[in-house]
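Taken together, the values in this text are just the output of simple stated rules run on the coordinates, not laboratory data. Keep in mind the model is a prediction, meaning the values are calculated, not measured. Here the Cβ is made from the backbone with ideal geometry for all residues, glycine too, and neighbour counts use every protein chain on show.
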Amino acid sequence: MIEALHLEPRAHTVEDAYAAAALYQATKAQGRGLDDRTCMALAIAAGLPAITTDRQWSALAIPGLDVIQAR
C-alpha cells in the first residue's frame, strides 16, 4: 500500500528525536505533541513543506518550516 502512495518510509533516528524535542518551546503554547513536532522536524530536515489540515500549524513561527494547508 505504501508503494502505491509513492511514500518513502524513514526511520526515526536519535537525531530526529532531538530535532523534534527542540521544537517544544515553539509549539507548547498550542499544545503540539511529539507526533506533530516529529512531522515538523522531518519537513525542516528534508527541506519540504509540511502538509496538514491543522490550521494552528500556520500560526507557528518556526524557521525553516513551510506549512501547506490541505483544506
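Of note:
- Every pair of residues 6+ apart whose Cβ atoms lie under 9 Å, when the first sits in the range 10-23 and is surrounded by 10 or more Cβ atoms within 10 Å (Cβ to Cβ) while the second is part of a helix (DSSP H, G or I) and basic (Lys, Arg): Ala19/Arg37; Ala20/Arg37; Ala21/Arg37; Ala22/Arg37; Leu23/Arg37
- Every pair of residues 6+ apart whose Cβ atoms lie under 6 Å, when the first sits in the range 29-48 and is closer than 12 Å to Tyr18 by Cα while the second is among the small types (Gly, Ala, Ser) and part of a helix (DSSP H, G or I): Arg37/Ala20; Thr38/Ala20; Ala41/Ala19; Ala41/Ala20
- Wholly within the chain, helices (runs of 4 or more DSSP H) carrying at least 2 residues that are among the hydrophobic types (A, V, I, L, M, F, W, C): 2-5, 14-22, 34-46
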